[in-house]
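The values are calculated or read from the model by the stated rules, or taken from the named source; none is laboratory data. Fair warning: this is a prediction, and the values are worked out from it, not measured in the lab. Cβ sites come from the backbone with ideal geometry, for glycine too, and all protein chains shown count toward neighbours. Protein only, heavy atoms only, side chains kept; ligands, DNA and RNA dropped before computing areas. Shrake-Rupley method; radii C 1.70, N 1.55, O 1.52, S 1.80 Å.
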Amino acid sequence: MTRTVLSVTDLVAGYEPGVPIVRGASLTVREGEIVVVLGPNGAGKSSFIKAIAGLVPIFSGTVMLDDEEITKVPAHQLVRRGLAFVPQTENIFPLMSVEDNLKVAGGMLDRRDMTGRIEEMYGLFPDLRDKRRIAAGNLSGGQRQMVAVARALMVRPKLLVLDEPSAGLSPKFVSMVFHMLADIRKAGVTILLVEQNAKAALAIGDRACVLVEGRNAHEGRADALWDDPVVAELYLGRRHAAGPSASDKPMPEAQP
Ligand SMILES: Nc1ncnc2c1ncn2[C@@H]1O[C@H](COP(=O)(O)OP(=O)(O)O)[C@@H](O)[C@H]1O
Ligand SMILES: [Mg+2]
């Protein structure tokens, strides 16, 4: 049986006491999986993964990382525990070079390990090697997301959590980001992902859950979810049997 990396049970979380935004959501992520959280705007997707990442107060429920409970562990300690979170925005230091971004992120590695890990990141993201002396803020949107993800991977997390990595990118870079996620999963990284771009996310995901008003409204295998007419019509903005609507962004090509 594959190891369960993340197990979230009946999570209730929000910004003010008595005002829950996440209202009893549950989720598991097994080793090597890509799990996608979908749902309409304002459903609480970002709040849900930020609560998991220690950035939004949890009122009740539990979060387990492997067999350690991390429900009350603050965000800055979670990196050390193996959970890396990539926020939707402000996820790089724009004025620092690409390489300095990686060095800061890998601050807790010893020098030898740091050098080796930076090399591994350049192996995974060859574009970044060429740009290593460039200020990260001067890269394309897609490359900036690579820097953000490489930063998160520096410390070899057990779980990589990302909030809408394709948001605001042009279609070409959207495709690049999804290819990148498929590649890093192949490299053995377990991924939890929030996405608006349902079609592309379900194409690379193993399982998905749809969050509505802070609760699980639907969940299942990613391919089955895309084919479920109720889910499609209600939550993914797609009329059943009509194929992707014009509002869908293009899907990345199938992985070899
Ligand atoms: N920092 C915050 N303080 C108070 N309320 C917030 C904050 N961030 C989000 N919310 C509220 O939480 C609800 C869910 O937001 P969010 O988790 O961002 O949804 P999603 O990511 O699914 O679009 C919204 O009603 C939003 O107004
Ligand atoms: Mg959001």
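Points to keep in mind about this one:
- Single residue of the stretch 38-79 satisfying the filter (within 12 Å of ligand 1 (Cβ to nearest atom) and polar (S, T, N, Q)) that is farthest from ALA152 (Cα to Cα): ASN41
- Flag for ARG221 being among the charged types (D, E, K, R) and either at positive phi or at pLDDT 90 or above (or both): yes
- Taken over the stretch 142-163, the criterion of being touching a Pro at 6+ places or on another chain (Cβ under 9 Å), open to solvent by 10 Å² or more (accessible area, probe 1.4 Å) and not basic (Lys, Arg) is satisfied by GLN145 alone.
- Among residues of the stretch 13-40 that are closer than 17 Å to ASP206 by Cα and modelled with pLDDT under 95, those with a Cβ under 9 angstrom from a residue that is part of a strand (DSSP E or B) and within 10 Å of ligand 1 (Cβ to nearest atom), sequence gap 6+ or separate chain, pair up as LEU38/VAL194; LEU38/LEU211; GLY39/VAL194; GLY39/LEU211; GLY39/VAL212.
- From the list PRO252, PRO256, the one residue that fits, being at pLDDT below 85 and either open to solvent by 40 Å² or more (accessible area, probe 1.4 Å) or out of contact with any His (no Cβ under 9 Å at 6 or more places or on another chain) (or both), is PRO256.
- Elements of type helices (runs of 4 or more DSSP H) in the stretch 119-228, at least 1 residues being within 16 Å of ligand 1 (Cβ to nearest atom): 198-204
- Qualifying residue in the stretch 25-37 (condition: closer than 29 Å to ARG132 by Cα, more than 14 Å from ligand 1 (Cβ to nearest atom) and touching a helix residue (DSSP H, G or I) at 6+ places or on another chain (Cβ under 6 Å)): yes
- Within this structure, GLY61 fails the test of being part of a loop (DSSP other than H, G, I, E, B) and out of contact with any helix residue (DSSP H, G or I) (no Cβ under 7 Å at 6 or more places or on another chain).
- Each residue in the stretch 1-26 was checked for being crowded, with 17+ Cβ neighbours inside 10 Å and either outside any strand (DSSP E or B) or at positive phi (or both), and 3 pass.
- Residue within the stretch 95-116 that is within 20 Å of GLY188 (Cβ to Cβ) and open to solvent by 70 Å² or more (accessible area, probe 1.4 Å) present: no
- Residue list for the stretch 37-65, filter: of a type outside the set (Gly, Ala, Ser) and within 13 Å of ligand 2 (Cβ to nearest atom): VAL37, LEU38, PRO40, ASN41, LYS45, PHE48, ILE49, LYS50, LEU55, VAL56
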